[in-house]
Structures are given as structure tokens and as C-alpha cells.
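Shown next, in C-alpha cells, is the structure this report addresses.
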Amino acid sequence: MFEVFQYQFMQNALLAGLLAAIACGIVGVYVVAKRIVFISGGIAHASFGGVGLGYFLGMSPVLGATFFALASALGMGLVSRRTSLPEDTTIGILWALGMALGVIFIGLAPGYAPDLFSYLFGNILTVPTSDLVFMLVLDIIIIATVWLFYKEFLVISFDEEYGRVAGVPTEILYLVMLSLIALTVVVLIRVVGIILVIALLTIPAALARQFTHSLKKMMLLAAGIGALFTFGGLWLSFVLDLASGATIILVSATAFLAYFGLSRLWRRKQSRS
Amino acid sequence: MNSREVVKLEDVWAYYDSTLVLKGVNLSLTAGRFLGIIGPNGGGKTTLLKVILGLIKPSRGQVRVLGQTPERSRKFAGYVAQHNLFDRAFPINVEEVVLMGRYRSRGLLRRYSREDRSEVSRVLERVGLPDFKDRQIGSLSGGEQQRVFIARALVSEPAILLLDEPTASIALDMQVEFYELLEKLKAQMAIILVSHDVSAVSVHVDEVACLNHRLFYHGSPDGLSAEELARTYDSPVHVIAHSDLPHRESKDQ
């Protein structure tokens, strides 16, 4: 039943799943710990504008998405820090604006956009080798940045005001952190698509959090759990002939709910005896 | 300028969000003194601390801390913010929290050293939490958490210590211990403590300041009269007969 993994497209899919799991494991920990899930959703959806722009200009939609994701991340960060506009309002506006731009650009683009659906819901089975290289580069950037700024990111995630007092350049580092989320979103688009990104960014990290209090260990654990989910989902989608991105999310969500259901049952049993 | 003058505020007006909360505040504090700032909630106590830290820029007036602007002198300040503002489930242990206090001596791109870690252990011992290094911050009691944040402020060896409602989450019997610790620290730094707990503050501080948008009183706690307090709180204050200290019975706490 595993002979399917001999195919080139399946090997690419596994590699893409691994690269995505690493990115979402590391960055997802910050997203969950700093509670910026909503801003991550905003960045993901805004990046659809870039996919549209890519089609419109006849260049790579992934490149367009990278540009839009970064621009919206910086936009949300700056507007929320520098103006009195509430952060969630800004996120809501950019979220919808990006999607709207995407729809308009695609409408204006010549011809038919055949794999549009795969940007919305992901299709890990069609990842070309060139995209794998791109994902690898983004992963390296993410790991290097977190390695360099680990102690600063810890301060601004836990207690940003204290960071300012202690002399941490909090605003610029918050923007760097949002940019990492943007890059992670781009990595994940191929695997699960724009709409489902949030699940892979949050579920592995939220599960990892149940087992450790150390941010570093959480990252490793979340990357491992993420890889397990993508591989499991990928295999299941192949066996059952279902959409890969959605199956990966269903596997993740099921595992998450099962863990919490079982741990509740377990605790109830403990308290009764 | 007096070289021992740690904080000097001249005619400071400041907004919090869009509300004017400080109106023409003048304040001066010298080294080695322990100042308690009391006043009603919303009276500008926290804002005053943030002005001293340079986190809020006054709209008018001048602030000097150790003879410099607050932004530049910030590195000599230890700050313990109001307690209830952090996520208790955050995946972080006590040592990592206190290490943040050593950030200034490291800066960007440099790891905390063994010296930083031994300094953290020393300070944790000093605040009475010697074996708590590896504990997740949320698993500690309110009073223990508060001592962790005080340790974080102390580990940077500050010249001025700013505490915002530090006793709010500490059990009554622990408060005595807490004030004894501050008493010892006073020799090395100026301390400003903000509280709405009039009686506790009056017993332990060298100077007391009453703040309700304006500064109504600044001087020895012995000189603080019930009338002065009443003006600060904008309401009559009941002086309890069996205590020689003014004590306010308040319903809104």
C-alpha cells in the first residue's frame, strides 16, 4: 500500500509536506503563544491578491502571493502600531481587500486560470521541483531569523511593554515576526491552500503546547506533529481519492479533537477514582 | 541640578489614550528614597510611571530621570507592571522570564551568558524563590509570580525601581515580607511604588504623594491629613479611630 511513494510526484508531495511542517511548526508556536491567529488569517487571505496579480502579469502566482503576504503583514503591523485604528478592524479590511483584488485581477487576466482552485485549497500532488526549492529557501530564512532573534521574539511574545522598557526594538521585530508568518503562509499555500492555512499554523503548535512549557521544544514537537499530519492526510487522500489539502486539515482537526476529548475523559476518570 | 536627584517632573501634562490624566504634575525624588504614590483608580498613577519610563510622552512639561531624558535613562530603571496583564498559560519558565531583565547587558544578536544565568539564580534566591527556575510561570501562585517580576526588575541592577500595584495579588501575610524586601533594596536604589492601598503604603514609605490628575500632596506620610486624602479621592475619607494612620474604607475595591 506504500508503493505509491515511489512516484516522483509523491516524493515531491512528501518533501513539500515536510518543508511546510517545519515552517508552520516554528512560526505556528509564535502565532499560538502570542495569540495572533486572526492576523495570520488576514495575511493568508490577503495573499490571494498576489495570486491574482501573478496571473494578470503572467508571472508566478507564488511570487505574487509572497509579495502580497509581506505587504499585508507590514501594513497590518504598521497601521495597528502607529494609528488608533483597532488591530482587528485593520485585519478585517486587508483580509477582504486582498481577496477582492485577487478576484478582479483574475477576471482581467487573459485566458482561463486553470489551477486557481489549488491556490485556494492546496494541491500538494502538483508541487513542481522549482516550488520545492523556493519553499526550502523560505524555510532556511525562517529558521535563521528565529535562531538570531529567539530571545527578542520571546520577550515581545510574552510581554511587549517590558520589551520596550528593556530596550528591545519591539516594533521592528514585531514586523519581522509578521513577515515570518507571511513567508510561512506562502510555504503552506501549495500544501493546504490559502483558506486552510490557519489550521496547519495553529493545530500542531496548540497540540505541542500540551506537552511542554518550552518554546524551543514546542517548535520541534509542532514540526513533528505537522509532518505526521501532512503525511497521514496525504496518504489518506490518496487511498480515499479525496482533495489532499482538505484531508490534511481533517486529519489534523480530528487528532486535535480526539486528544482533547480523550484527555477530558481521562481526567474525569482520574478524579472519580 | 542636584546630582542625587533621580526623578524630576516639571509641569507635566499627559494623555492616556485620548484622556488627559496628568495635569501640571511637579515631582522630585532623590536617591535612596522610597516614594509611595496613592490615589483613586484612573487618577493617573500608572500613566505617571509610564511617563517616567518614557513609554508615554507628556504633551507638556519636562521629565528628567537621572539627569537624562526618560528614553535614555530607561536602561537604569527596573519596572514591574500591573500584574494581571500577561497570559498565564504562556509557555515560558521562571528563569526565562527573569533573564529578560538581563537583555540590556546583551542586546541584539547576543546570547545570555553563564554570568547572566548565575545572576538570575542569585536574584531568585534573594526574592525567596530559589528552586523555581524551571517552573512554568502560570503554575506559580499570584504572590510568587509577583516576586518573579520583581526579580526580573532587580536583575538589571536598576538605579530606580518602579512598581505598579505590586501587592494587589499578594496575600496579606506575604505583604509584610514584601515590604521588608523593599526596605533592604532602598539602600541601593530609589523606589516608586504605586498603590491604591493607602494604609499599607503609608506605613512603609519615606514619602507619599497623592495623585488624582493633579498632585495633591507630596511629603512625609506623617504629615498627610484626612482632609488631604479626601481631596485626592474626591470623597470623604473615614479615619478609623484605633489607627493613627489615615485609613480609607472604600467600597469600590
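Rule-based calculations on the coordinates, nothing more; no lab input. None of these values were measured; they are calculated from a predicted model. So basically every Cβ, Gly included, is an ideal-geometry build from the backbone, and we count neighbours across all protein chains shown.
Is there a simple number for the mean count of other chain Cβ atoms within 10 Å of the Cβ of residues in B:45-57, and what is it?
On the way: counts 0, 0, 0, 0, 0, 2, 0, 0, 3, 2, 3, 0, 0.
Mean shielding count: 1.
Under the Kirkwood approximation applied to all pairs of distinct alpha-carbon atoms, what is the hydrodynamic radius of the range A:176-256 in Å?
Working: mean 1/r = 0.0773 Å⁻¹.
About 12.9 Å for the range A:176-256.
Shape analysis of the protein assembly as shown based on the Cα gyration tensor places the equivalent ellipsoid semi-axes at 52, 26, 20 Å, largest first. Among B:Arg126, A:Arg164, B:Arg110, A:Arg272, a tally of other beta-carbon atoms within 10 Å of each Cβ gives an order, fewest to most, of A:Arg272, B:Arg110, B:Arg126, A:Arg164.
Shielding value for A:143-153 is 2, the average number of Cβ atoms from other chains within 10 Å of each residue's Cβ. From the P(r) of chain A, can you give the percent of Cα pairs sitting at distances over 31 Å? Percentage above 31 Å: 27.
Here the label points at B:Glu157 and A:Ser130, each 7 Å from Cα along the C-beta direction, are separated by 5.8 nm in the simple model.
Let me confirm one metric for peptide B:89-97, namely the mean number of other chain beta-carbon atoms within 10 Å of its residues' beta-carbons.
Numbers: counts 3, 10, 16, 9, 3, 0, 0, 7, 5.
Taking all residues of B:89-97 together, the mean is 6.
When all alpha carbon pairs of the range B:109-183 are counted in 10 Å bins from zero, the resulting P(r) reads 17, 51, 27, 4, 0 %.
For a quick check: sort B:Leu55, B:Leu99, B:Leu20, B:Leu85 by the number of other beta carbons within 10 angstrom, fewest at the front. Numbers along the way, then the final one.
Numbers: B:Leu55 18, B:Leu99 22, B:Leu20 13, B:Leu85 10.
By the 10 Å Cβ count, ascending: B:Leu85, B:Leu20, B:Leu55, B:Leu99.
Mind sorting A:Met177, B:Met174 by how few other Cβ atoms lie within 10 Å of their own Cβ, fewest first?
With the sparsest Cβ surroundings first, the list reads B:Met174, A:Met177.
Per residue of the protein assembly as shown, the DSSP helices (runs of n ≥ 4 H) give a summed -39500 (n - 2.57) that works out to -18500 deg cm²/dmol at 222 nm. Under a Gaussian network description of chain A, with springs only between Cα atoms under 10 Å, the residue in A:Met76, A:Met135, A:Met59 that fluctuates furthest is A:Met59.
Membrane-span-like helices in chain A: DSSP H runs reaching 27 Å or more (Cα, own axis), mean Kyte hydropathy at least 1.0?
Working: long enough: A:8-33 (37 Å, 1.77); A:61-82 (31 Å, 1.10); A:87-108 (31 Å, 1.58); A:129-148 (29 Å, 2.11); A:170-192 (32 Å, 2.33); A:215-240 (36 Å, 1.58); A:244-272 (42 Å, 0.28).
Within chain A the helices that satisfy the rule are A:8-33, A:61-82, A:87-108, A:129-148, A:170-192, A:215-240.
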